[in-house]
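> Have a look at this one.
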Amino acid sequence: MSKARSLLSLYSDHRLALIRYAANITGDRASAEDVVQDAWLPLQATDAARPLEEPLGYLYRIVRNLALDGKRRQAFEQKHFVEDASEQAAQAASNSPSPEQVVAARADLMLVKAALDELPENMRIAVEMHRLGGARLKDIAAHLGVSLTAAHGLVAEGVYRCRLKLGEG
């Protein structure tokens, strides 16, 4: 029997025992099967480089090391990724507005909309461009054909009137 054939025979004869051994370390049979399968290549490569005196002992050592590495990696991922994800979900849930806050915000929005509708057209455009569109005062002034000071005055007065409407003035 050839050397490669005897190594394969050794591997297949002890495969189930190796899976049980790895499962005791990993706590999971599926992971243990992956570990035993992954152990074949290093065993074959090492034996090809230099003949092994105790190939079965070496195979068990490879399986043990791979199983422990997998268990460490799983613990690391569990700690750093699963906990982070659950913390982020809890954070997102705590940042979500309550139904009461949503209703209050909608009521405020309706008041602001009503206040904006009552503003003179240039003032409404200036407030909408600045507060809702993020436009700069010089862009508002150019759009409305007024001075920079006038654009500032339109925005300030419009915001003041909206705040009055909301009862914040």
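> Tally up the residues in region 113-128 that are open to solvent by 30 Å² or more (accessible area, probe 1.4 Å) and touching a Leu at 6+ places or on another chain (Cβ under 6 Å), please.
Within region 113-128, residues that are open to solvent by 30 Å² or more (accessible area, probe 1.4 Å) and touching a Leu at 6+ places or on another chain (Cβ under 6 Å) number 2.
> Which one of ARG136, ARG131 is in contact with a His (Cβ under 9 Å, 6 or more places away or on another chain) and open to solvent by 70 Å² or more (accessible area, probe 1.4 Å)?
Step by step, each of ARG136, ARG131 is checked, and only ARG136 is in contact with a His (Cβ under 9 Å, 6 or more places away or on another chain) and open to solvent by 70 Å² or more (accessible area, probe 1.4 Å).
> Report yes if some residue within region 81-89 is in a helix (DSSP H, G or I), modelled with pLDDT of 85 or more and open to solvent by 100 Å² or more (accessible area, probe 1.4 Å); otherwise report no. Before you say what the answer is, go through the steps one by one.
To start, the set of residues in region 81-89 that are in a helix (DSSP H, G or I) comprises 81-89.
Then keep just the ones that are modelled with pLDDT of 85 or more; that gives none.
Scanning region 81-89 turns up no residue that is in a helix (DSSP H, G or I), modelled with pLDDT of 85 or more and open to solvent by 100 Å² or more (accessible area, probe 1.4 Å).
> Given the structure, is LEU18 over 16 Å from GLY70 (Cβ atoms) and surrounded by 11 or more Cβ atoms within 10 Å (Cβ to Cβ)?
No, not satisfied.
> Name the pairs whose Cβ atoms lie under 8 Å apart, with the first residue in region 125-142 and more than 14 Å from VAL159 (Cα to Cα), the second hydroxyl-bearing (Ser, Thr, Tyr), and 6 or more positions between them or separate chains?
Pairs that qualify, where the first residue is more than 14 Å from VAL159 (Cα to Cα) and the partner is hydroxyl-bearing (Ser, Thr, Tyr), are ALA141/SER147.
The values are calculated or read from the model by the stated rules, or taken from the named source; none is laboratory data. None of the values given here were measured: they were computed from a predicted structure. Don't worry about glycine lacking a Cβ; one is built from the backbone with ideal geometry, like all the others, and counts go over all protein chains shown. Accessible surface is based on the protein model in full, side chains and every heavy atom, while ligands, DNA and RNA are left aside. Shrake-Rupley method; radii C 1.70, N 1.55, O 1.52, S 1.80 Å.
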